[in-house]
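We did not get these values from a lab; they are worked out from the coordinates using the rules stated. These figures come from a predicted structure and were not determined experimentally. Don't worry about glycine lacking a Cβ; one is built from the backbone with ideal geometry, like all the others, and counts go over all protein chains shown.
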C-alpha cells in the first residue's frame, strides 16, 4: 500500500508500509514547536491525537522506538477515550537538538511541557517497556496530574541499558551502527513477539522510520550514557495511583519476574497477564490489551 499523505519529516521509506494500521497512523502524525526550559528555541515534537472522552490518555513508547508502536492499540482505545501518543525527547520523530543532553530528567521536563500545552488536566498515563519507566518517573514527580497508571511490560527495575557499557568512543558509534542494521533490528523484532509471524516486513519498516533523523545516533548515545531508568523498591512503593500492570506471559526481552515485583511494590496495583504474547502485547494482542485498559479506567 502506498502512503501519499505522510508529513515531510517522515522518511520516504514509509512508502514501503503494507498494513492499514501502520499507514493510517502515520498519516495522522502531527508536529508542534514545543516551548520548554531545555532550549531557547521550541522543540519540534511529534504526536497523534485520536478519539473523544472525559479521561485523556497519553501513550509512551519503548526504547529506540516511536509512537508507531501503538498503531494497533491506539484506535481501539480511542473508541471511548481521548488518546494521545507522543514521541518523547530524543526518540521517535521528535527533534533531537544538538545542545540538549538526552536524560530521564530532560525527557520528564519535555513531557510535562507537552502536558501543559495539550492535556491540561489529570490523565491516564500508559507506558510500554522504557515508556513504562518514563511513566513511573513522571508519576512520581507530578502525582497530581496522573489519575491512573498503566504499565505494559515495563522497564525500570533492572539496571540501565546494557549498551551503556559500549558508549565509549569509538565503540559508541559502532554500537549504534549495530542497532541500525536491518538484520539486527529484525532479530530484535522476532525476540519481542511470541508469534514470530508478527515480525514481518511492515513491523521492520515501522521500527526503522525514526532512524532517518540526523541526530538519532547522538541522542541514543546521550541517553545510554545517562544511565537510563532504575528505581528502588522504596521509590516504586511511593506510587499512590491505581496502577494496572499488563504483561506478556512469554516476554523474552524482560522476562516475567518484574511483573510480580511491580505488583508487590505498588500499593494499589493489579496484574493482568496477556496470554500468547511476548514483550509487546499492545502489538501482538491489541484487543485483549485494549479491553484490559478500558475496563480499568472505567472502574
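For the reader, a short list of remarks on this structure follows.
- Distance-filtered residues of region 67-104 - backbone nitrogen under 19 Å, label point 7 angstrom along residue 212 Cα→Cβ: 67-71, 87-88, 90-97
- Among 255, 197, 53, the largest mean-square fluctuation in a Gaussian network model of the chain, built with springs joining Cα atoms closer than 10 Å, belongs to 197.
- Within region 43-101, antiparallel bridges make up roughly 45 percent of the DSSP beta bridges whose residues both belong there.
- Between residue 12 and residue 261, residue separation times 0.36 nm minus the direct Cα-Cα distance comes to 85.4 nm.
- Note on residue 235/residue 195: beta-carbon distance plugged into 1/(1 + (r/R0)^6) with R0 of 30 Å gives a FRET efficiency of 0.30.
- Gaussian network model of the chain, Cα within-10 Å springs - most flexible of 60, 151, 254: 254
- Ranked for footprinting exposure by Cβ neighbours inside 10 Å, fewest first, 289, 21 give 21, 289.
- Gain upon complete extension [residue 27, residue 252; 0.36 nm per residue less C-alpha separation]: 77.8 nm
- Fraction of beta bridges assigned by DSSP in the chain that are antiparallel (%, nearest 5): 25
- Anisotropy class of region 6-84 from Cα gyration tensor, a/c 1.5 cut: oblate
- When 71, 96, 121 are arranged by Cβ crowding within 10 Å, least crowded first, meaning fewest neighbours, the order is 121, 96, 71.
- Volume of the Cα convex hull of the chain, divided per residue and given in Å³: 117
- Share antiparallel - DSSP beta bridges, region 14-167, percent rounded to 5: 40
- In terms of surrounding Cβ atoms within a 10 Å radius of their Cβ, 216, 115 rank from fewest to most as 216, 115.
- Look at the alpha carbon pairs under 8 Å that are at least 6 residues apart: their mean separation over the length of region 12-297 gives a relative contact order of 20 percent.
- For the pair residue 183 and residue 291 in one chain, pulling the backbone fully straight at 0.36 nm per residue adds 35.5 nm over the alpha carbon distance.
- The convex hull around the C-alpha trace of region 179-290, projected and averaged over every direction, spans 8.3 square nanometres.
- GNM top mover of 265, 74, 130 - the chain, alpha-carbon springs below 10 Å: 265
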